[in-house]
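Data block below; observations after.
The values are calculated or read from the model by the stated rules, or taken from the named source; none is laboratory data. All values derive from a computational prediction rather than experimental measurement. Cβ coordinates were reconstructed from backbone atoms using ideal geometry, including for glycine residues, and neighbour counts include every protein chain displayed. Side chains are part of the model used for accessible areas, which takes the heavy atoms of the whole protein and leaves out ligands, DNA and RNA. Shrake-Rupley method; radii C 1.70, N 1.55, O 1.52, S 1.80 Å.
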Amino acid sequence: MHLPVLVIASMLAATTIALDNGLMKTPPMGWLAWERFRCDIDCDNDPKNCISEKLFMDMADRLSEDGWRELGYVYVNIDDCWASKTRDEKGRLQADPKRFPGGIKKLARYVHDRGLKLGIYGDMGTYTCMGYPGTPLDKIKIDAQTFADWDVDMLKYDGCYSNETEQEKGYPLMSKALNATGRPIAYSCSWPAYQGGLPPKVNYTELGMICNLWRNYGDIQDSWDSVQSIIDWVFNNQDVLVPAAAPGMWNDPDMLIVGDFGLSMDQSRAQMALWAIMAAPLFVSNDLRTISSGAQNILQNKLAISINQDPLGIQGRRIVKEKSRIEVYLRPLSNNASALVFFSRRTDMPYRYKTSLGKLNFTTGIYKITDVFTYKTEVLKDSTDFVVSINPTGVVMWYLSAPAKLNPRLLFNHDKHQRPVHRDDEKNAIPLVFL
Ligand code: GLA
């Protein structure tokens, strides 16, 4: 029997061994406390911003009332500093009684009532990174069960205060323990970040079998430098990282800091665009109560989100690195579509970058392209040169439909003076510039 290549490919994909919890077939989306709110536990003096049940309830309200949930941002994730410094009389973790008077189960209820999911944070060492009780080997079973009893939906399992040997045992053990609870709990592993992120120390095949997502690299900070260092690391190591990602198992380059203090609007679009190319989890860490409409629009961009959430789950790559400090990134999408990002590392002025889809190795044909951030559309032949104007430290991002056969009538329309204007996506669409 001769099976078409596509059928064989999908059979292979279906037999890929993954963590058997059926979760996160597309990258998870939601809100995570850490980058923006850190370990602020001073509820007496800073009640609005301290790590408390109130903060998570506020964010759950915003996610459900300000259009986030419908777009897929459903996780409300607690990070470090939620726990009491002591376990209860039965040896179980407990939330800090002053800051979480209702306890985690009640908070989970609040979050679930709003159609959202609750994530929690643990650490496989003796202490969490900020010195709260950890979940070392002998506590894994009881803590997994406690999280399940609280109706938690996701665990980020950090690695501070643990050594290599413990991590080798602990990360797989927690995976098993979570599954054994019978509650679907998504599992985020910080393990590879503690091993330097690369083989031979990191075994990405094993990670795919035990975790839904994993941090590979250092913590994001609220700065453009930090975003760039993550982008550099991920794409410099794309040959290792791209094959590791697939539905249910994702590389996690850390949180989105769009809406905080460190990024310009152009840099914010760049982070959103490249996180979409990377098939990265989209956990925003900002204050949803005070976010600017500019930042909210970027994070709520439907086309960028749909690119991030593409069901094929193929992580994209950097395909061009010019001396001019312009870079081009490509992510293959379902239905033979693709996403392109033109990224400028320059710091002078908008740069007019000239190329063609043919030069970027696209197959012969004509493509409908939609600019992700302006919704301008155009039809473009592979051999036609075009110019994109890319702002300093900014991006131009395109969604490209599958190539259609060359159609002489459309080509005629490419004549400069008779260019068709496609206004089907957004009202004031203007055609892109062609040479
Ligand atoms: C580590 C993690 C961060 C955050 C802190 C909390 O540094 O990488 O994402 O969870 O711990 O202490």
(message) Quick check: net charge around residue 49, other residues with Cβ under 9 Å of its Cβ, Lys/Arg +1 and Asp/Glu -1?
(response) -2
(request) May I ask for the longest run of the chain untouched by GluC sites (Glu not before Pro) that are loop-located per DSSP and have at most 16 neighbouring C-beta atoms (other than their own) within 10 Å? (result) 90-321
(message) Taking the solvent-accessible surface of protein heavy atoms with a 1.4 Å probe, what is the per residue accessible area of segment 248-353 in Å²?
(response) 34 Å²
(request) For every other residue with a beta carbon closer than 11 angstrom to the beta carbon of residue 96, add +1 if it is Lys or Arg and -1 if Asp or Glu, then tell me the sum. (result) +2
(message) Restricting the calculation to Cα positions, tell me the Rg (one decimal) and the Dmax (whole number) of the chain in Å.
(response) 22.9, 79
(request) Place a +1 charge on the Cβ of each Lys and Arg in the chain and a -1 charge on the Cβ of each Asp and Glu, then give the dipole magnitude about the Cα centre in debye, rounded to the nearest 20. (result) 1300 debye
(request) Taking all protein chains together and a probe of 1.4 Å, list 153, 239 from the most accessible to the least accessible. (result) 239, 153
(message) Can you say what percent of the DSSP beta bridges in the chain, counting only those with both residues inside, are antiparallel? Round to 5.
(response) 60 percent
(message) Over the chain, with a Gaussian network built from C-alpha contacts below 10 Å, which listed residue (269, 87, 99) shows the highest mean-square fluctuation?
(response) 87
(message) For a quick check, take a GNM of the chain with Cα springs below 10 Å and name the residue from 55, 213, 340 with the largest mean-square fluctuation.
(response) 55
(message) Could you work out the pair-distance distribution P(r) of segment 268-394 from its alpha-carbon pairs, with 5 angstrom bin width and percents rounded to whole numbers?
(response) 2, 10, 19, 22, 22, 15, 7, 2, 1, 0
(message) Based on alpha-carbon atoms only, what is the radius of gyration of segment 262-336 relative to the globular estimate 2.2 N^0.38 Å?
(response) 1.20
(message) Quick check: at a probe of 1.4 Å, how many percent of the accessible area of the chain sits on carbon and sulfur atoms?
(response) 53 percent
(request) Would you please name the trypsin sites (Lys or Arg not before Pro) within segment 144-216 that are DSSP coil residues with at most 13 other C-beta atoms within 10 Å of their C-beta? (result) 201
